[in-house]
Every structure is written in structure tokens, then in C-alpha cells.
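First up is the structure itself, then whatever we jot down about it.
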Amino acid sequence: MFWELGNKCMGQGDTSIIGERKEKKRMNTEIPKVICPVCGRTNEMEKSITAQSNQNIIFECPACGYERRNIQTSKG
């Protein structure tokens, strides 16, 4: 988490806290990459991986055409 300090000043009778912390969330917008075990090229996960309803995964390399089916996950 990242924190940013606010700029609050205390006036007479003011009970606010100087430097009140405000949470500043950082969003990760980078798409994960997958490396093909055959050609070694890097591709975006969305273009290489397909998740099946039975919890298996299909990997397809758009560069060399390598395909691996029924990759087991920890859930299936």
C-alpha cells in the first residue's frame, strides 16, 4: 500500500490531526506475460492461455504454433 500525507492545519479548538493519512491505491495495469517453452518468445497471457470450465488450461503460442492442452491447475 502507498500512503500520502494530507495537509491539514490545526486551528484554535480544531481537533483534526496534522498529516492525516489518506490511502492511495496503485493499480497494476500491466498485462501478465507468458514465455513459450519451445520458441522462447514472450506473449501476453490473454493471447496465449485459455481456461476451460473443468479447471484445465490450454496454452497456444501465436508465434510458433506450439500447443499444450489439459494443463492441470491446483484446483483441478
Any chance E46 is at pLDDT below 95, open to solvent by 80 Å² or more (accessible area, probe 1.4 Å), of a type in the set (D, E) and part of a strand (DSSP E or B): no
Residue list for the stretch 49-69, restricted to those being open to solvent by less than 90 Å² (accessible area, probe 1.4 Å) and part of a strand (DSSP E or B): I49, T50, A51, I57, I58, F59, E60, E67
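Condition check: modelled with pLDDT of 70 or more and on the phi > 0 side of the Ramachandran plot. Does N70 satisfy that? Break it down stepwise before answering.
Values: modelled with pLDDT of 70 or more: yes; on the phi > 0 side of the Ramachandran plot: yes.
When the stated conditions are applied, N70 passes them.
The values are calculated or read from the model by the stated rules, or taken from the named source; none is laboratory data. Owing to the predicted nature of the structure, the values given are computational and were not obtained by experimental measurement. Ligands, DNA and RNA are excluded from the accessible area calculation, which covers all protein heavy atoms including side chains. Shrake-Rupley method; radii C 1.70, N 1.55, O 1.52, S 1.80 Å.
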